[in-house]
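Encoded as C-alpha cells, the structure appears first; notes follow it.
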Amino acid sequence: MDFSLTEEQKARRREFYDTCKQLDKEKPASLVGFEAIYELDECWDYNLYCAGEFAKRGWLALAWPPEYGGKGDMMDRVFFSEARGYYGIPGVDIFGVQMLAPTLLEAASEEIKREFLPPIARGEVMWCELWSEPNAGSDLATLSTTAVRDGDEYIINGQKTWNTGAHRAHWGFGVFKTDPAGRKHHNMTFILLDMKTPGITVRPIPYLDGSAPYCEVYFDDARVPAKNIVGQEHEGWAVVNLLAGFERSGINEIMNMLRGLEELVAYCNETKRHGQPLARNPLIRNRLAELACELEAARALAYRVADLQNRNEMSLMDASAGKIFFSELGERFAFLATDILGPYGQVRTSRWAPLNGVWEKMFHEHFITTISMGTNEIQRNIIAWYGLGLPRMR
C-alpha cells in the first residue's frame, strides 16, 4: 500500500477535519463516551444535527456507487472517520451507515437498495442491530428466535439482547431462524424490520451507574413483510459474515484514542508530582511513547483494511486482526491513563476530576469493544481457521 496522499486527497481530508472542528464547538459538555449518544436526549439531538450536516454534504454515502447517490471512495470514508474520531463527533449511524448500507450494496435486491439506501444517505432513519440472544452471542449460529413464513409475511417470536440504541432506532436488521430443521449456518435469514411493528417490545438494560444504552428486544407474533430480506432465504449467515467485515476497521476509535493521547501528554506536561512535571518521569514517558507507537501501528492497519476493501481484496481475517488490535489497545490505554491520573482518575462529576472525568468513563467502557462485534476469542478463531487454515479442535 502507498501511504502518500495526492493533493486532492489532502484537500478532502482537510475539509473533513475543518467541518468536524466546527461541529466540535457545538458539542454538549455531557457527550462523554459512546454511550451518552443513546442515553441523553441532548446528545441524541446533537447526533441527529450532525447527521443532517453530513448528509447535506453527501458524506453519509461516501464510497457508494454514484447510481445510489454515492461519492468518493473508501479512503474518503477513512479520512472522514479519522476526523470524526479525533474530534469525537457523532452523526454517522454505525448500524445504518457503516454496517448495513455497504451490506445492502453487496447483497440486497435492487428493490431493497432503492427503498432503504436513500433514507440512510439523508440521515433520516436510524438503525439498530438485532443479533445477540441470551444464549447466542459470539456463537450467533445457535440463535433460537424464529421467523416463520406465513404468505407474504414472517411471524417473529423470541428475544434479542444487548441491542445498542434499540430504544432510539427507527428500523432494525437481524438474523432469525427460518428453517428450524435446516443444518447450522443454512437455517437463518437476514431481515429488515420497522421497530414500531406491533408485537415488538424494547426494554432498556440499566447499568449500575444508571445509564441504559443497551436494550432487550422481545418479539411476540410480530409480522414483518417477507420482501424485507437481504440475500437468500435461509442463507442469512453469509450476509452476517459480509456485514461483519464492514464493522471492524476501527479508525474512528483509533483517532479518538490519538486525541486522548494528546490530551494526556498535555496533562503530564502541566501536572507536577514532587516538584517535577509528570512528563519528566521516565517510566511515564516510556509508556506514553509505547502507546503512541501502537496507535500508529493500529492506524496503519486500519488504512490497510480500507485499502483492501477499495480493491475488493479484504478477507475476514484482515478485519478480525484489526478489530483485535484496536480493541485491546483501547484496554491498555484506559489502564495507563487511569494509572497516570491516580486517585483523581476515578472521579467524574467533580471539579477535581482531571480531563473532565473522561477517563473514569473510558475505564468503565474499555472492555466493550473486546466483546462487541464478535468477541476477540471468536476473532482469533476466524484468523486461525479462515486466514491460516489451521484445523479445528475436535
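Tally up the residues in segment 40-88 that are modelled with pLDDT of 95 or more and part of a loop (DSSP other than H, G, I, E, B), please.
Residues meeting the conditions: 2.
If you take just the helices (runs of 4 or more DSSP H) that sit entirely in segment 279-394, which of them hold at least 1 residues that are more than 30 Å from ASN241 (Cα to Cα) and more than 19 Å from the chain's Cα centre (by Cα)? If you could, list the steps in order and put the result at the bottom.
Working: elements: 282-310, 316-341, 358-365, 368-371, 376-382.
Here the list reads 282-310, 316-341, 358-365.
In segment 104-115, how many are in contact with a strand residue (DSSP E or B) (Cβ under 7 Å, 6 or more places away or on another chain) and either assigned by TED's automatic domain parsing to the domain that holds THR375 or not in a loop (DSSP other than H, G, I, E, B) (or both)?
Restricting attention to segment 104-115, the residues satisfying the condition of being in contact with a strand residue (DSSP E or B) (Cβ under 7 Å, 6 or more places away or on another chain) are 104, 107-108, 112.
Among the residues that remain, those that are also either assigned by TED's automatic domain parsing to the domain that holds THR375 or not in a loop (DSSP other than H, G, I, E, B) (or both) are: 104, 107, 112.
Number of matching residues: 3.
Looking for whichever is touching a strand residue (DSSP E or B) at 6+ places or on another chain (Cβ under 8 Å) and not assigned by TED's automatic domain parsing to the domain that holds LEU301 here; the options are GLY58, GLY52. Which one fits?
Just one listed residue meets the conditions, GLY58.
Report the residue count in segment 126-156 for those that are closer than 21 Å to GLU235 by Cβ and assigned to a strand (DSSP E or B).
Matching residues across segment 126-156 total 13.
Looking only at segment 272-299, count how many residues are among the polar types (S, T, N, Q) and closer than 16 Å to LEU336 by Cα.
First, the residues of segment 272-299 that are among the polar types (S, T, N, Q): 276, 281, 286.
After this cut, where a residue has to be closer than 16 Å to LEU336 by Cα as well, the list is 281, 286.
The number of residues fulfilling the criteria is 2.
Which of the residues that make up segment 380-394 are in contact with a Leu (Cβ under 9 Å, 6 or more places away or on another chain) and at pLDDT below 85?
ILE382, TYR386, GLY387
Quick one: LYS113 ticks every box in (1) buried (at least 22 other Cβ atoms within 10 Å of the Cβ); (2) in contact with a Leu (Cβ under 6 Å, 6 or more places away or on another chain) bar one, so which box is it?
LYS113 satisfies all of (1) buried (at least 22 other Cβ atoms within 10 Å of the Cβ); (2) in contact with a Leu (Cβ under 6 Å, 6 or more places away or on another chain) except (1).
Looking at segment 25-47, I want the residues that are under 15 Å from ALA166 (Cα atoms) and have a partner that is among the hydroxyl-bearing types (Ser, Thr, Tyr) with Cβ atoms under 7 Å, at least 6 apart or on another chain. Which pairs are those?
GLU35/SER211; ALA36/SER30; TYR38/THR164; GLU39/SER211; LEU40/SER30; TRP44/TYR38
For segment 358-367: of the residues being touching a residue at least 60 places away in the same chain (Cβ under 8 Å) and surrounded by fewer than 21 Cβ atoms within 10 Å (Cβ to Cβ), which is farthest from LEU140 (Cα to Cα)?
Looking at the filtered set, the residue picked out is VAL358.
If I filter segment 1-41 down to residues being charged (D, E, K, R) and in contact with a Ser or Thr (Cβ under 6 Å, 6 or more places away or on another chain), which single residue comes out as farthest from VAL358 (Cα to Cα)?
For segment 1-41, the residue satisfying everything is GLU39.
Out of GLN276, GLN232, report the one residue that is under 30 Å from GLU153 (Cβ atoms), surrounded by fewer than 16 Cβ atoms within 10 Å (Cβ to Cβ) and among the polar types (S, T, N, Q). Full working, then the answer.
Details: GLN276 fails: under 30 Å from GLU153 (Cβ atoms).
Within the list GLN276, GLN232, the selection yields GLN232.
Does GLY123 satisfy the criteria of being in contact (Cβ under 8 Å) with a residue 40 or more places away in the chain, part of a loop (DSSP other than H, G, I, E, B) and buried (at least 16 other Cβ atoms within 10 Å of the Cβ)?
Yes.
Filter segment 147-176 down to the residues that are under 25 Å from THR375 (Cβ atoms) and among the β-branched types (Val, Ile, Thr) and list them by number.
Passing the criteria: THR161, THR164, VAL175.
May I ask you to verify whether LEU23 is assigned to a loop (DSSP other than H, G, I, E, B) and either of a type in the set (A, V, I, L, M) or touching a His at 6+ places or on another chain (Cβ under 6 Å) (or both)?
Criteria not met by LEU23.
The values are calculated or read from the model by the stated rules, or taken from the named source; none is laboratory data. Computed from a predicted model, the values in this text were never measured in an experiment. Note that we place each Cβ from the backbone using ideal geometry, even for glycine, and neighbour counts take in every protein chain shown.
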